[in-house]
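Beneath this line is the structure, given in structure tokens, with notes to follow.
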Amino acid sequence: MRMYKTFFFLLFMGACVHLFAQKGSSHSLGAKSLGMGGTGVADNSIDGILYNQASLADLEQTSFILATERKFNLADLTGVSVGIGLPLKRSGSFGIVLSNYGNDVYSEQKVGLAYGRKLAKKTNIGAQIDVLNHSITSFGNAAVATFEAGLTSGIIKNVQLGFHVFSPAQISITQDENVLTRFRLGLRYTPSMKVILAAEVDQFIDQRPSFRGGVSYAILDNLMLRVGYNTSVNEGSYSFGAGYIWKDIFNIDMAFVVHESLGITPGISIIYKRPKKQSSDAN
């Protein structure tokens, strides 16, 4: 009976991998990204440790993110990612990423060590070394190593470009399966303190590219509403989200992706930023 469960679940996972192409990419990119259609490659916050290590260069505080999402609200398709960013005193920041996706029949794990620093005043670069593990009940584990790298750059006033590549070299998981190479290129436009517009192209090798777009609007100084659209699934999907900031220490973000045929994908992420030390003034 367990073998039948494994067989049919793997068939289902194969269809989902074709649609969403995990194979080593972070298994949850955070609810901020989720609510804006999956965009974020041109962002410059701690969220970026999950999709573009160049964002680490702008960290000023030790930061932590916990993100989870449940694809189509199915427990077997739950992804969880944890990221920690540690700014250095002299230059750049280190980061650590852990993620997991799947269940006791099929699962993927990722462990990454990242570094980001400024290349120029408005240009950041970053890279990450990854160890990926794929586990299938009755078949065992397969672990491989790969890397990813990214760049963000302020090209003109209020416009930032982001680029990221995941596993550019061909890495084999098994004789018939490879880690999927992925390229992301996007722009973030901030016309005011309240509005963020983002758009990007997402390309897996040997698959058609997808387009992602999203908008974030601050209805209050600490409360954001977000909407987005993503063409990565045949019919496309719409996303909605909200984010709340408490004293620049905690961020709580929630999002829902709505697909007409496959259902709703909820996601939530929590960010903690270590408070900055207050300098004491002499009286």
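The values are calculated or read from the model by the stated rules, or taken from the named source; none is laboratory data. The structure displayed is predicted, hence computed values, not measured ones. Counting neighbours? That spans all protein chains shown, and the Cβs are built from the backbone with ideal geometry, glycine included.
Exactly one residue among SER135, SER107, SER93 is among the hydroxyl-bearing types (Ser, Thr, Tyr), in contact with a Lys or Arg (Cβ under 8 Å, 6 or more places away or on another chain) and without any contact (Cβ under 8 Å) to a residue 60 or more places away in the chain, and that residue is SER93. Screening the candidates ASN141, ASN133, ASN158 for the property of being of a type in the set (S, T, N, Q), under 19 Å from the mean Cα position of the chain (by Cα) and surrounded by fewer than 17 Cβ atoms within 10 Å (Cβ to Cβ) yields one hit, ASN133. No other residue among SER237, SER192, SER138, SER153 is among the hydroxyl-bearing types (Ser, Thr, Tyr) and closer than 26 Å to GLY116 by Cβ apart from SER153. Restricting attention to segment 42-51, the residues that are within 9 Å of the chain's Cα centre (by Cα) and either modelled with pLDDT of 95 or more or in a helix (DSSP H, G or I) (or both) total 4. Looking at segment 182-283, the strands (runs of 3 or more DSSP E) lying wholly inside it that each contain 3 or more residues that are under 25 Å from LYS157 (Cβ atoms) sit at 182-189, 195-204, 210-220, 223-230. Determine which member of the set ILE136, ILE129 is touching a strand residue (DSSP E or B) at 6+ places or on another chain (Cβ under 9 Å) and either at pLDDT 95 or above or polar (S, T, N, Q) (or both). Checking each option against the conditions leaves just ILE129. In the set (1) farther than 19 Å from SER167 by Cα; (2) aliphatic (A, V, I, L, M); (3) touching an Asp or Glu at 6+ places or on another chain (Cβ under 9 Å); (4) buried (at least 24 other Cβ atoms within 10 Å of the Cβ), VAL105 fails one condition alone, (4). Just so you know, in segment 239-252 the residues that are surrounded by fewer than 18 Cβ atoms within 10 Å (Cβ to Cβ) and free of Cβ contacts under 8 Å to residues at least 40 places away in the same chain include one that is farthest from the chain's Cα centre (by Cα), and it is LYS247.
Evaluation of PRO209 against the conditions (1) without any contact (Cβ under 8 Å) to a residue 12 or more places away in the chain; (2) within 19 Å of ASN44 (Cα to Cα); (3) in contact with an Asp or Glu (Cβ under 7 Å, 6 or more places away or on another chain); (4) not acidic (Asp, Glu) shows that the sole unmet condition is (2).
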